[in-house]
Structures are given as structure tokens and as C-alpha cells.
Amino acid sequence: MVMRLLEHSDLDKVVLVSSPSIERSGRKALFTVTRINIEKDRYDSTIWIADLDSRTYETVLNGPTDTCPLWSPDGSRFVFQSRRGLGDQDKGSELYLMRSIDSEPWKVAYFKGGIQEVKWNPDSRRLLVISKVGEIHEDVKIIERIPIWRNAEGFTYNLFRHVFIVDTLSGLVTQATEGNINVSTASWSPDGSKIAYAASVEELKPYVSRVYILDTRSGEKSELPIQGFSITSLTWSTDGSKIAFLGREIEKGRTFASHFKVFVYDLSSQELSCVSCYRDEELNRNTENTLNSDVRGPSCSPHLHWGEDGYIYYMVSDGGRVKLYRSRPGGEPTPVIDLPRFSVDEFSVDAKGSNIVFTAMSSFEPKELYVYSSGEVGKLTEFNKGFLEVFDIGRPRYFRFKASDGKEIDGWILMPPESAVKENKKIPWILYIHGGPKTMYGEGFLFEFHLLSHKGFAVVYTNPRGSDGYSEEFADIRCRFGERDYQDLMEAVDYVLKEFGDRLDPVNIGVAGGSYGGFMTNWIVTHTDRFKAALTERSISDWISKFGTTDIGFYFNAGQIGCGKTPWEDPDTYLAKSPVMHVKNAKTPTLIIHSVEDYRCWLDQAIEFFTALKLNGVKTKLVIFPGENHELSRSGKPKHRVERLKIIVEWFKENLYG
């Protein structure tokens with residue numbers, strides 16, 4: 001059979017497998033399957049169950065809005081999130097319960113403010129839910145707090161995230177926390193009487209978490225002496241004597257360049273220790289999954305699990321791959337699942353740590369569900385087998401080069417299939433730059449890259465300085481954006497032309513990136529003319545305007561660009577690092593893509609750069625997507641995603657096919 005080449009509309013051929021939840025006994029697992037419905041311009045999500053003994057799986061709920069299944073501790077039922085009882089214009093989400101795969105689900109609760117986290121109480125009756133409360137003015141907005149909005153959420157100046165307790169038998173919903181705080185994560189104690197939660201309480205420092213324990217019987221609240229961390233997940237030890245959390249030491253050291261690490265707080269001794277840290281600092285890695293992919297489904301799987309075997313389980317981003325690790329307090333971190341050329345994306349561990357279900361993907365295979373048992377890994381699902389059999393999906397080639405200062409840089413090159421290459425011609429190619437900057441490329445599936453390769457382009461992508469997956473020193477480019485990171489990228493171009501110059505076109509080269517990668521693309525086209533075409537998305541062109549208009553700008557920009565200072569304290573630094581201030585040097589034809597509701601990097605960044613390029617006589621095109629945000633390329637409306645891919649392909653064809 002002749003294998004096909006991808007078209008932009010083939011995005012819907014990829015099936016998104018996500019959000020695994022294993023039953024306590026380790027014999028069954030629930031998970032979510034999502035299909036991209038271009039015709040109806042939506043994502044259709046269903047819930048499936050896998051039998052880990054027979055390695056079979058079948059659908060449980062047909063959706064199309066059922067996601068995030070979670071087994072009760074006693075294994076008698078599961079809860080899931082859905083919008084099955086809501087209209088298209090209704091806000092929020094519902095919680096449903098189901099006792100068996102043959103029963104009918106029933107609604108337990110509705111949360112107008114959406115659902116950020118759900119946890120079962122050990123009694124298998126009550127639930128802990130994190131949801132937003134408050135009201136936003138329908139017409140005139142009267143605002144007294146910042147940030148005024150958040151990406152993917154809209155106006156949030158009057159909204160706060162709180163903990164709720166849901167009684168699944170009576171349907172009674174009780175708000176457990178109060179005040180102008182935002183709870184990021186919470187967890188029941190093993191005896192079910194207390195809730196530990198992390199929350200930001202300072203308006204001007206929303207990135208700093210405080211940790212509290214709430215006694216649900218007496219209502220008493222106590223704060224733990226855990227200071228200066230940004231915390232995304234926490235859990236209790238099985239005996240209730242300790243609390244583990246994923247935290248980044250945000251107020252000292254390397255601030256936003258710091259790794260998230262797994263810490264354990266002893267409630268008796270009040271001692272705090274890191275259990276994910278190696279003695280050799282160079283081996284320390286981030287314990288958050290920061291791998292780039294554009295084909296992920298909705299996920300509610302835990303990032304941290306403390307099992308009855310005494311181990312704490314967590315993911316580690318390492319050199320372009322994500323691995324599953326475990327640690328015991330006082331012990332060394334140990335890899336549990338480390339798959340060559342594959343990355344763990346989510347996981348769920350049974351009570352005794354005997355079986356682990358997880359999703360995994362590679363740069364050449366979308367996510368599927370796997371099981372780890374008795375030291376062996378088995379593949380459970382094959383939803384994307386047909387996709388891989390029909391389309392000529394290539395395997396990117398890994399390379400590593402030594403930068404001019406001696407540091408080694410990882411990279412990959414995805415060559416087009418031979419059927420997509422023009423005869424007797426060298427291959428035009430595109431350098432892609434990831435966002436963050438503290439994320440990473442590697443063994444994550446990117447439909448966009450494979451589409452471009454099928455259109456005759458080679459795609460080169462690297463992890464320059466500032467990227468995740470390496471040491472904190474490697475990731476730390478605070479106050480130095482556009483310096484060593486820029487050098488790494490230019491040296492990557494030199495290396496690739498030297499190593500693959502027999503096939504790659506030395507002239508027809510493009511550059512592309514989004515978010516920080518968009519900033520870097522803007523920086524590149526205003527500092528060199530070696531590229532024939534550029535694509536900049538959800539980008540930054542002016543660090544001063546971004547400081548005051550976005551959800552994170554007023555603290556992220558100060559830490560990363562201003563060296564701790566605001567634009568009015570040090571305008572020269574902000575201006576020097578803003579690509580728009582160097583636009584007189586620009587010559588590269590530049591496509592600018594931005595979303596109207598991108599509150600991470602607001603629309604003004606695109607308009608300002610577009611206007612500057614036009615006034616300087618540079619060929620440019622601005623494409624604006626209404627109703628979309630910073631996540632357009634990953635989870636935007638299907639029709640918009642397809643249109644975006646079409647526009648990108650046409651732009652590079654127009655400017656790189658010499």
C-alpha cells in the first residue's frame with residue numbers, strides 16, 4: 001500500500017488518548033479518548049475502560065463531553081466531568097457518578113466556575129473540588145485588582161479559586177475555604193478529616209503559594225511554615241505524618257528559571273527535605289512535564305502520588321524526554337519508566353505500586369495507553385495504528401553539537417518523505433523555536449512538524465539555552481534574552497548546514513516560533529537577514545507593553561527581562577530587549593499570527609510589530625483569530641487550527657520554494 005502524505009485537514013485523523021485512572025486493585029483503568037470533530041468544530045470526548053489482565057478495552061460513555069474519570073478509593077464507582085446537561089452558552093462544568101459500566105450516570109453537582117481539580121475522600125463518599133467563585137460584570141467592568149484577566153479564562157479580576165466539599169449521596173455542596181485567595185491544589189488526609197491545600201494570597205505575588213491544613217470537622221485552619229514556593233501539586237503520606245508537594249523556590253535562587261522539585265514536609269519535626277534532588281546538582285531536573293506536543297487531550301491525572309509502598313511518584317523532564325521517577329524520603333531518586341525515544345505524559349499508580357497505567361508518545365507516534373507491571377511495559381491501546389499505517393510518518397533524527405562556549409545542545413531534524421521532495425533540488429527547511437522559554441522539544445508528537453515535512457520542508461528544532469530538561473544553570477537566561485539563546489540557535493543553523501548540507505538548501509531557510517519562540521523569531525528577523533521567511537505567533541515584540549497588559553507580565557517580565565525592576569525603574573533594559581526597537585534592521589518576510597483573547601501575550605504585540613514592519617517596507621501579513629487564546633495551535637477550535645496550518649504552509653511555500 002502506498003502511504004499518503006498529510007494535508008492540514010488530516011488533523012482529525014489523530015486520536016487523543018489521555019487522563020488515565022487506575023483502580024486501587026490495579027486490575028482496571030479508565031481513560032479519556034478525544035476525537036477532533038472538524039465538521040462540528042468541537043472535540044468529542046468519551047470514556048473507556050481497560051482490563052489490565054486481558055489487555056482489552058471498550059467504551060463506557062459515548063460523550064461527547066465526558067472527560068477526566070476518577071475511580072473511588074473502594075473501586076465501587078467513578079466520578080467524571082461533563083457538560084452533557086449544559087447548553088453551548090452555559091458556563092462551567094458538571095460532575096457525574098457511575099457505579100458500573102452498565103449503569104446510567106447521575107449528576108452530582110454543577111460548578112459555574114468550572115472544575116480545576118477533583119479528589120476523592122478515603123471514605124469513597126465525599127469529593128474535594130476546586131472551582132472559581134465570584135461574578136464578573138456583564139457590561140461595564142469596574143476593576144480594583146490585577147491581573148484583570150487570565151489566558152483561557154477571560155476576565156478574572158473578581159474571581160477566586162476555592163475548595164468545595166461534595167457529598168455524592170445527598171448532592172450537598174459546601175464551600176470549605178473563603179477570602180480573596182486562589183487555591184492551586186488540595187488533598188485529603190488519609191483519615192479523611194483534613195484537607196491540605198496550597199493557595200496564593202498576595203494580589204501582587206500570585207506566583208507565591210502558602211500551605212494550609214483545614215480540619216473539616218472543627219473548621220479550624222492552620223498555616224504551615226512553608227515559605228517562598230510556587231506549588232502546583234501536593235499529597236499526604238499514607239500514615240498522615242508528612243506532606244509532599246511539587247514546588248519551585250520562586251523567591252530566591254533562579255526564580256522562574258528554577259526547577260520544580262519534590263519536597264516533603266514532616267508535620268512533627270517541621271523539617272523540609274527535597275526527595276527529587278540528586279547530590280550532584282548537574283543531574284537535577286525539573287519534576288514537571290514541559291514537553292511540547294500539539295495533540296493532547298483533556299487531562300486530570302495526578303502529577304504526584306504517594307503510594308502504600310512508601311514511594312512518591314513523579315515525572316521528570318530530561319533532555320527532550322519525560323520519565324517516571326520515584327523516591328522515598330531520605331533515598332535517591334530512581335527511574336521507574338524510562339523508555340528509549342518515548343516520553344511518559346501522564347500516569348496513575350495502584351495502591352501497592354504493582355501496576356502503573358500511563359500515556360506515552362514519541363516524536364513519530366501519538367499518545368497511547370500503556371501499563372507497567374512486574375518491571376515490564378506493555379502497550380494497551382492502538383487508537384492511532386490506522387493513522388500510522390496510512391500516513392508516511394517519519395522519524396526525526398537526533399543530533400547534538402557543542403556550542404561555541406563548550407555547552408552541548410540537543411536537536412532534531414525531520415526530513416520530508418522522498419515522495420515529497422522535488423527531484424534534483426535541495427530541501428528548503430525551517431528552524432522551529434519552542435515557547436517558555438523553560439519548555440523543551442524532544443520525543444513529543446507534533447502534527448505541525450509532520451505536515452510541513454509532507455509539504456517538502458525539513459524541520460529542525462533544538463533546545464537552546466533557556467530550555468527545560470537540563471540543569472537550572474542551563475535554563476537560566478534571566479536578563480539575557482536574545483544573547484546566549486540566540487547564539488545557540490544561530491550555531492545550530494551552522495551545524496545543520498555542515499552536517500546535512502548535502503540535502504539541505506543553504507539559502508531557502510525559514511524560522512518559526514510561538515510565545516517565547518515568537519519573541520525569539522522577532523529578535524532574529526531584527527538582528528539577521530539569513531532567513532528567507534519567518535512565522536511569529538502569540539509573540540512578544542515590546543516588553544514594556546506586555547508588562548502592563550497581560551496576565552503574568554507584571555511579575556514575569558520583571559524577573560526575566562528587568563532583572564527585578566519595573567519598566568519605569570529601568571526602561572532602557574526593557575527597550576533594548578524589545579524586538580520592535582530594532583525593526584529598522586528587519587528584511588525577512590514575516591507572517592504574524594495572533595489570537596484576540598490571548599491574555600498571555602496580548603494582541604497589541606502582534607499589531608505593534610506588524611505596523612512597524614509595514615512602515616519599514618518589510619513584506620508581512622497579519623492573521624488574527626477571533627475567539628482564540630494563547631493555546632490556539634494546541635487546543636483551539638478545530639476549524640481555526642486547520643485554517644492556521646493551511647496559512648502557514650502557504651506562507652512557507654510562497655517564500656521558500658525558490
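For residue 195, what is the net charge nearby, where nearby means another residue's Cβ is under 10 Å from its Cβ and Lys, Arg count +1, Asp, Glu -1? Cβ neighbours under 10 Å give a net charge of +2.
As a quick test, which of the pairs 132/379; 352/379; 132/323; 379/422; 422/639; 498/584 have an alpha carbon distance above 28 angstrom in this structure? Walk me through the intermediate numbers first.
Working: 132/379 38 Å; 352/379 21 Å; 132/323 32 Å; 379/422 38 Å; 422/639 30 Å; 498/584 31 Å.
Cα-Cα > 28 Å for 132/379; 132/323; 379/422; 422/639; 498/584; rest within.
In order along region 451-457, the phi-based Karplus estimate (6.51 cos²θ - 1.76 cosθ + 1.60, θ = phi - 60°) of 3J(HN,Hα) comes to 4, 4, 5, 6, 8, x, 9 Hz; Gly and Pro are listed as x. Taking Cβ atoms as reference points and 11 Å as the exclusive limit, the residues near residue 407 contribute a net charge of -2, counting Lys and Arg as +1 and Asp and Glu as -1. Applying a DSSP loop filter and a limit of 15 other Cβ atoms within 10 Å to the trypsin sites (Lys or Arg not before Pro) in region 263-324 leaves 279. Converting phi to 3J(HN,Hα) with the Karplus coefficients 6.51, -1.76 and 1.60 and the offset θ = phi - 60°, region 521-536 yields 4, 4, 5, 5, 6, 9, 10, 7, 10, 6, 9, 8, 7, 9, 10, 10 Hz in sequence order, with x at every glycine or proline.
Residue 643 to residue 575: FRET efficiency via 1/(1 + (r/R0)^6), r the Cβ-Cβ distance, R0 35 Å, to the nearest 0.05? Provide the component values of the computation, followed by the final result.
Details: r = 35 Å, r/R0 = 1.00.
Once rounded, the FRET efficiency stands at 0.50.
Summing charges over neighbours of residue 432, with a neighbour being any other residue whose Cβ is under 13 Å away from its Cβ, gives -3 when K and R count +1 and D and E count -1.
Once the Cβ-Cβ distance between residue 483 and residue 241 is put in as r, and R0 is 56 Å, what FRET efficiency do you end up with, to the nearest 0.05? Please report the intermediate quantities before stating the final value.
Values: r = 47 Å, r/R0 = 0.84.
Result of the calculation: an efficiency of 0.75.
Each part gets one Cα centre, and for region 532-572 versus region 70-87 those centres are 41 Å apart. When you filter the GluC sites (Glu not before Pro) in region 14-96 for DSSP loop state and at most 15 other Cβ atoms inside 10 Å of their Cβ, you are left with 39.
Where the accessible area of the chain is counted over protein heavy atoms with a 1.4 Å probe, how much of it, in %, is carbon and sulfur?
Details: 12250 of 25730 Å².
After summing per-atom areas, the C and S share lands at 48 percent.
Loop-located GluC sites (Glu not before Pro) across region 156-238 with a Cβ neighbour count of 16 or fewer within 10 Å are 178, 202, 203, 220, with loop assigned by DSSP.
By the beta carbon rule, with partners counted only under 4.7 Å, the chain holds these lone Cys residues: 601.
Hey, what number do you get for the chain at 222 nm if only DSSP H runs of n ≥ 4 count, each worth -39500 (n - 2.57), divided across all residues, to the nearest 500?
Working: 11 runs with 101 residues, N = 658.
My calculation for the chain gives -4500 deg cm²/dmol from helical runs alone.
When its C-alpha radius of gyration is set against 2.2 N^0.38 Å (N residues), region 276-425 gives a value of 1.22. Sequence-distant contacts, meaning Cα pairs under 8 Å at least 6 residues apart, place the relative contact order of region 80-162 at 19 percent.
Subtracting the Cα-Cα distance of residue 143 and residue 101 from 0.36 nm times their residue separation leaves 10.4 nm of extension gain.
Hey, which of these cross-link pairs are over 21 Å Cα-Cα: 426/532; 13/119; 261/407? Violating the 21 Å limit, Cα to Cα: 13/119; 261/407. For the chain, averaging the sequence separation of C-alpha pairs within contact (under 8 Å, six or more residues apart) and dividing by the residue count gives a relative contact order of 11 percent. Within the straight-line cut-off of under 13 Å between alpha carbons, the aspartates and glutamates reachable from residue 385 are 365, 368, sequence neighbours fewer than 8 places apart in one chain being disregarded.
So what is the accessible area of the chain per residue, in Å², with the probe set to 1.4 Å? Walk me through the numbers before you get to the answer.
Details: 25730 Å² over 658 residues.
Accessible area per residue: 39 Å².
Label-to-label distance for residue 528 and residue 584 is 2.3 nm, based on points extended 7 Å past Cα in the beta-carbon direction.
Assuming R0 = 25 Å, what is the FRET efficiency of residue 503 and residue 657, from their Cβ-Cβ distance, to the nearest 0.05? Result of the calculation: an efficiency of 0.95.
I'd like the antiparallel share, as a percent to the nearest 5, of DSSP beta bridges with both residues in the chain.
On the way: 124 of 152 bridges.
Once the DSSP bridges in the chain are tallied, antiparallel ones form about 80 percent.
Computed extension gain for residue 84 through residue 136, at 0.36 nm per residue and net of the alpha carbon distance, reaches 16.3 nm. Length gained on full extension, residue 270 to residue 566: 102.9 nm, using 0.36 nm per residue less the C-alpha separation.
Test of understanding: express the Cα radius of gyration of the chain as a ratio to 2.2 N^0.38 Å, with N the residue count. Walk me through the numbers on the way to the answer.
Values: Rg = 24.4 Å, N = 658, 2.2 N^0.38 = 25.9 Å.
My calculation over the Cα atoms of the chain gives 0.94.
Distance between the C-alpha centres of region 159-227 and region 578-604: 40 Å, rounded to the whole angstrom. The aspartates and glutamates within cross-link reach of residue 221, meaning a Cα-to-Cα straight distance under 16 Å and a gap of 8 or more places when in the same chain, are 178. Between region 440-482 and region 345-378, the alpha-carbon centres lie 25 Å apart.
The values are calculated or read from the model by the stated rules, or taken from the named source; none is laboratory data. Everything quoted here is computed from the prediction, not taken from an experiment. We place every Cβ from the backbone using ideal geometry, glycine too, and count neighbours over all the protein chains shown. Quick note on the areas: whole protein, heavy atoms, side chains included, nothing else; ligands and nucleic acids left out. Shrake-Rupley method; radii C 1.70, N 1.55, O 1.52, S 1.80 Å.
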